1. Do you know which of the residues in the range 361-395 that are assigned to a helix (DSSP H, G or I), at pLDDT 95 or above and among the hydrophobic types (A, V, I, L, M, F, W, C) is nearest to R50 (Cα to Cα)?
2. Among the residues of the range 127-158, write down those that are among the aromatic types (F, W, Y), closer than 23 Å to E492 by Cα and in contact with a Phe, Trp or Tyr (Cβ under 7 Å, 6 or more places away or on another chain).
3. In the range 1-42, which residue that is in contact (Cβ under 8 Å) with a residue 24 or more places away in the chain and among the polar types (S, T, N, Q) is most open to solvent (accessible area, probe 1.4 Å)?
4. From the set of residues in the range 323-336 that are in contact (Cβ under 8 Å) with a residue 24 or more places away in the chain and among the charged types (D, E, K, R), which is most open to solvent (accessible area, probe 1.4 Å)?
5. Given (1) touching a Cys at 6+ places or on another chain (Cβ under 6 Å); (2) at pLDDT below 65, identify the lone condition not met by M431.
6. From the list R311, R320, which residue is touching a Pro at 6+ places or on another chain (Cβ under 6 Å) and open to solvent by 10 Å² or more (accessible area, probe 1.4 Å)?
7. For the subset of the range 161-191 comprising residues that are small (G, A, S) and open to solvent by 20 Å² or more (accessible area, probe 1.4 Å), which member is modelled with the highest pLDDT?
8. Considering only the range 73-82, state which residues are open to solvent by 10 Å² or more (accessible area, probe 1.4 Å) and either farther than 25 Å from L521 by Cβ or of a type in the set (A, V, I, L, M, F, W, C) (or both).
Amino acid sequence: MCGIAGLIDTRIAETELLGSLQKMVASLAHRGPDSGNCTVEIGVGLGHRRLAIIDLSDNANQPMKSACGRYLICFNGEIYNYREIRQKLLNERFRSGSDVEVLLEAIAAWGIEKTLETVRGMFAFALYDRDEHQIFLARDHFGQKPLFFFHENHRLAFASEVRAFKHVPGLQLDFDEQSLADYFSYNCIGSGRSVFRQLQKVPGGSVFSFKFTKDQVVRLPDRQFWNLSQAWENRGCFSGSYDEARLQLNELLSQVVKEQMSSDVPIGCFLSGGTDSTLLAGLMKHHADFELPTFTVGFSDPQFDESAVARFYANQLRTRHHVILADEKEMMQMVQMSGAAYDEPFADTSQLPTLLLCRQARQRVKVCLSGDGADELFGGYYRHLLIPAMLGLKQGIFGSALAKIAAFTEKIPLVKLERLLKMLGRTGLRMPRHGAGKLHRMASAFARGDLTAMHEDLMNNWKTGDLPFLSNRRFITASASACRQSMLIDLETYLPDDILPKIDRAAMHFGLETRMPYLDLRVVEFAFSLPDAYFFYHGSQKRILRELRDSIYAENISPGGKTGFSPSLPAMLRGSLRSWAEDRLTSPLLVDIGFRRQAIFKRWHEFLKGRADWSFSLWALVQFVNWHEHFRQENSIISNERSAN
């Protein structure tokens, strides 16, 4: 993986263009610490920072020119089936063993559309067609690798991260209101948008193209080479038995893992103790001809710690296992670091241990396989069962009565609901973490009625009307069961907007490449073909993955379960982070973008007194200011104004 940047502007001198491009590329050095290069010719500049993984020689450096001389490319990611494609390009002469050169020559031979239909991988790249004076910006199917761009009449800029655009001459940045609504509602910013109105993301599965002349840069019609809705509607239907499906999935995952273990540098695996990562580690161990390094994070609070479970499986596999304790000191360092690591506002609390995990892993390896994507694809989130259950209750004979109870519960102030749950907890009943907030969300979701509204309420940090702006996020609609519709919504939103940016920014902050076998399109298509019963069985989730994992470990399964991958946020905000958080909650920035200072103080006071768990919404406020502080420190041109346009 790497960092890419480019600037197209025929109206400025070549020396000015090169100087700006070099600054853009330098801002991405953490993504590619091994080398950096820029190429400039007549108003077009391409830049690249390299993290060398395949073919470590200088022959694989970028920007790279095709053998015919027509194309230039700067690429971020990996093409996993490049050896297979290389064999089909019999007439081509290769100067390196790089996967990027194979991609480039395939485009030269077949065209960009056919090539993108052929490749398997994760990527974001810019391709310059020197003959047609066109720039193509392309991003992989789910958007594992980031790609932002800015376009106006006579110029175009693109980069892997937002921070690079601070070096585009004369570019003034101001906040996008819809993106702020997404962030404060869901802890992240939606696909296609950026925190700044002037910048956009290339959506996953898309190719954007631009044609330029001496006086202007024209955006051509956008193209999609892959679409989630179409992939679902065009899915096959598995006709075999459950045992046959399990065997076929095992063979497929094993093949994908073997393919993604290709590397010229040391490789390891994240091992949390959950089903996804333990299955992945088991498959990797089968193919590894080396002592497999595995990595996990431990917490001092047993409610959050799963390091013992991870060690249990690591001992069975005999991996070289590494555990790092996320103590108070480490978490404080990660909080400070998160403002710089994430180039847009981001408030998923698991970002902190993810940063710590990536820092630990990078000290020993350069590539790690991760289990991300399995929950969305195989039904691993509780809401995948909860939403269908709520829909069933709502449509049942007691639906109207339950709706009234839900509406009543929703109106109970969170402070009083918290008090009630504490009283119930004293009777010996086990109360869930953040129970009052979850109950409020469930009541709100039940009252709303339709599936997408339920999903939205379960994910939203704020009640409607509490934010100074309104999110209008749209969700996929598909002909599917309630379980599968909920899973598809997560594949369309939660995965590309939260999970993928979280791991990309955390890993690349330390120059670590992460790969996700569960997001291989062959695995996705196979999962789409399976019936719900292969995922959900007697109240359990991810049935087929769990049984695959059990077969690897010969039914020797740890009694400990998955606890999640987040620290105790309320304890941190009331303890070690209290003073730091208060400083940021009093920032004028929050008032500038529309929040009322009194409302923030009221929520903070109720939280500190233990009357209500506002930790997630407070964390979003704190992290927004934390991000902004780091962003401004890098000499950015940024306005605190927000725009609804």
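1. That would be A361.
2. F148, F149
3. Here the answer is Q22.
4. E328
5. Status for M431: all satisfied but (1).
6. R320
7. Only one residue tops the list, namely G170.
8. none
The values are calculated or read from the model by the stated rules, or taken from the named source; none is laboratory data. Bear in mind the structure is a predicted one, so any value in this text is a computation, not a measurement. Cβ sites come from the backbone with ideal geometry, for glycine too, and all protein chains shown count toward neighbours. Note: areas computed on protein heavy atoms with side chains; ligands, DNA, RNA excluded. Shrake-Rupley method; radii C 1.70, N 1.55, O 1.52, S 1.80 Å.
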